Amino acid sequence: MISPARSSARRIAALLTGLLLLVPAATGCGHRTGSGRAEGEVTAITALDYYTDRAEHTQWGDLLTACGRTVGVRVEQTSVPGASLIPKVLQQASSRTLPDLLMLDNPDLQQIARTGALTPLDGYGIDADGFAPGIVSAGTYQGRLYGLAPNVSTVALVYNKDMLAEAGVAVPRTWDELKAASAALTRPGRYGMAVDATATFEGTWQFLPFLWSNGGDERQLDTPRAAEALRLWVDLVNSGSMSKSVLNWTQADVHDQFVAGRTAMMINGPWRIPALEQDANLYWGVAPVPVPRLGQTPVTPLGGEVWTVPQSPSEARRQKAAQVLACLNSPANMLTLAREHRTVPSRTAVAAQQAEENPSTAAFARSVTVARARTAELGVEWPAAATGIYTAIQSALTGEQTPEEALSHAQQTATGH
């Protein structure tokens, strides 16, 4: 899933730039002793991630342990809070104590790879054959593959079947249908629609399907196409079909509003499915994010975490870490993770199998096939654009600025002038 925004993307990017010379060069394996045992034979490797939730930490820990056993090493897993991961990686890079296996939120990969802290995976015979294009893009820096995600996510429209049936409303497919359905579903104590419009990267993440599907582009935010997308959200709030509180609702808050019956539809991700399934009295469905015009395919952002192999002095440790990474990305393990988390396997063939087993994931799986990596256009400059976008959303939804004015300011934020 997409992680919360970190405190200062510009500061982190600046710090990362200075790390290139601090990353140790690779050296060969240890020589063999007279006994025939390799000096420094690898029996354990370290792994770092941000899976601090107890259940999630345990699930990933079990998989890391199983993959380690397969390749003949013990995997020592450490999990830190999401906001602490990049600062910790920076500190480890500067002190030359990076883990052998590192998980990154996919938009962070290019910034870390730029420093030279990561090892290209093609050197270990790992390729991305069978993976969806957006997933390959998210793991690639300057034409080389540095990370792969076993499973990924995106967003879709989740709706309350009973509420739509009661109001005689069809599942909206277009923006006009979304506005009409949201209005028809709104009544005292309930809004028709909810999104996360917070001043975070999550807010940007939720807006991207509307921006991209309308032909908007993060490389040039002050365009009529981008303004039309933002105007849609403004209209939903101004008409009363969407609460102004979306300015402060995280994706978790949006989920809670939906489960409590205070919104009939929401934009959210597949990681919410396990919780939705626990409510036996809640009848819900999933559909693609509505698009500007009928017949279009929504363009959604790609979420999920990539696993990487940091540079280290030990080629033997890097070899073992790469083998574990390959194991994590095996079709069988992808399917296991997807079944546990209701996320989407990164290999298209496995994703199709998962969607057949669990139809509630089908809309997400279809969207992933054309989902776009957030760093695909701007690379390491993406955080500045993301900051500009969520700032524009806040300004427009509060009425402080028109969508055009807000996006003009966003373009200045993104470019620095």
(Q) Which one, L208, L64, V286, is farthest towards the positive end of the dipole of the chain when Lys and Arg carry +1 and Asp and Glu -1 on their Cβ? (A) L64
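Sort 118-124, 164-170, 277-283 by packing, meaning the average of other beta carbons within 10 Å per residue, with the highest value first.
Working: 118-124: 18.3, 164-170: 14.1, 277-283: 10.1.
Listed from highest to lowest mean packing, they are 118-124, 164-170, 277-283.
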(Q) So if I take the centroid of the Cα atoms in the range 205-247 and the same for the range 302-359, what is the distance between those two points in Å? (A) 33 Å
Q. Within the range 169-194, whose backbone N sits under 19 Å from a point 7 Å along Cα→Cβ of V370?
A. 172-178
Q: Compute the label zone of K161 within the range 272-315: residues whose backbone N is under 20 Å from the point 7 Å along Cα-to-Cβ.
A: 272-290
Q: Report the residue, chosen from I112, I135, I45, that carries the largest GNM mean-square fluctuation when the chain is represented by alpha-carbon nodes joined by springs under 10 Å.
A: I45
**Q.** Options (i) 31, 25, 23; (ii) 32, 24, 19; (iii) 40, 24, 17 - which one matches semi-axes √(5λ) of the Cα gyration tensor in Å as calculated here
**A.** (iii)
Q) What percent do you get for the relative contact order of the chain when only Cα pairs under 8 Å and 6+ apart count? A) 26 percent
Q) Tally Lys and Arg at +1 and Asp and Glu at -1 over the other residues with C-beta under 11 Å from the C-beta of S213: what net charge comes out? A) +2
**Q.** Unit charges at the beta carbon, dipole of the chain: most positive-side option, Y51, A194, T398
**A.** Y51
Q. Under a 5 Å amide H to amide H cut-off, with H placed in plane at 1.01 Å, what residues pair with T140 once short-range neighbours are removed?
A. Y146
(Q) Which of E202, E381, E41 ends up with the largest GNM mean-square fluctuation for the chain, with Cα atoms connected below 10 Å? (A) E41
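How large is the charge dipole for the chain, taken about the Cα centre, if only the Cβ atoms of Lys, Arg (+1) and Asp, Glu (-1) carry charge, to the nearest 20 debye? Don't skip to the answer; put the middle values down first.
Details: 33 positive and 38 negative charges, 105 e Å.
About 500 debye.
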Q.
Tell me the accessible surface of V75 in square angstrom (1.4 angstrom probe, heavy atoms of protein chains only), to the nearest ten.
A. 20 Å²
Q: Taking 7 Å along the Cα-to-C-beta vector as the label spot, tell me the H57-Q91 distance in nanometres, rounded to one decimal.
A: 1.7 nm
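What full-extension length gain, to one decimal in nm, is calculated for T70 and A180 as 0.36 nm per residue of separation minus the Cα-Cα distance? Don't skip to the answer; put the middle values down first.
Details: separation 110, 0.36 × 110 = 39.60 nm, distance 5.46 nm.
In short, 34.1 nm is gained.
Quick one: net charge of T223's neighbours, Cβ under 13 Å, K/R +1, D/E -1? Kindly include the intermediate steps, with their values, before the conclusion.
Values: positive: R219, R225, R231; negative: D217, E218, D222, E228, E404.
So the surrounding residues net to -2.
Excluding S312 itself, what net charge comes from residues whose Cβ is under 13 Å from its Cβ, given Lys and Arg +1 and Asp and Glu -1?
+2
Summing -39500 (n - 2.57) over the DSSP H runs of n ≥ 4 in the chain and dividing by its residue number, what mean residue ellipticity at 222 nm do you reach, to the nearest 500 deg cm²/dmol?
Details: 17 runs with 184 residues, N = 417.
Taken over the chain, the calculation gives -13500 deg cm²/dmol.
With the full set of protein chains in place, find how many percent of the accessible area of the chain is carbon and sulfur; take the probe as 1.4 Å. Working shown, then result.
Working: 8380 of 16490 Å².
In the chain, the share of accessible area belonging to carbon and sulfur is 51 percent.
Whole number in Å², please: accessible area per residue of the chain, 1.4 Å probe, ligands, DNA and RNA not counted. The partial results should precede the final answer.
On the way: 16490 Å² over 417 residues.
Here the residues of the chain average 40 Å² of exposed surface.
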Q | Note, ³J(HN,Hα) from phi for the range 240-253, Karplus 6.51, -1.76, 1.60, rounded to Hz, x at Gly and Pro | A | x, 7, 9, 5, 5, 5, 4, 4, 10, 8, 6, 4, 5, 5
(Q) With angles folded into 0 to 90 degrees, how steeply does helix 331-341 sit against the dominant principal axis of the chain? Use alpha carbons for both and round to 10. (A) 50 degrees
Q) What translational D, rounded to a whole number of µm²/s, comes out for the range 229-376 from Stokes-Einstein when the hydrodynamic radius is the Kirkwood one over Cα pairs, at 20 °C and 1.002 mPa s? A) 119 µm²/s
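The values are calculated or read from the model by the stated rules, or taken from the named source; none is laboratory data. Values in this document were obtained by computation on a predicted structure and should not be read as measured data. Cβ atoms come from the backbone with ideal geometry, glycine included; neighbour counts cover every protein chain shown. When the accessible area is computed, the model is the full protein with side chains, heavy atoms only, and any ligands, DNA or RNA have been set aside. Shrake-Rupley method; radii C 1.70, N 1.55, O 1.52, S 1.80 Å.
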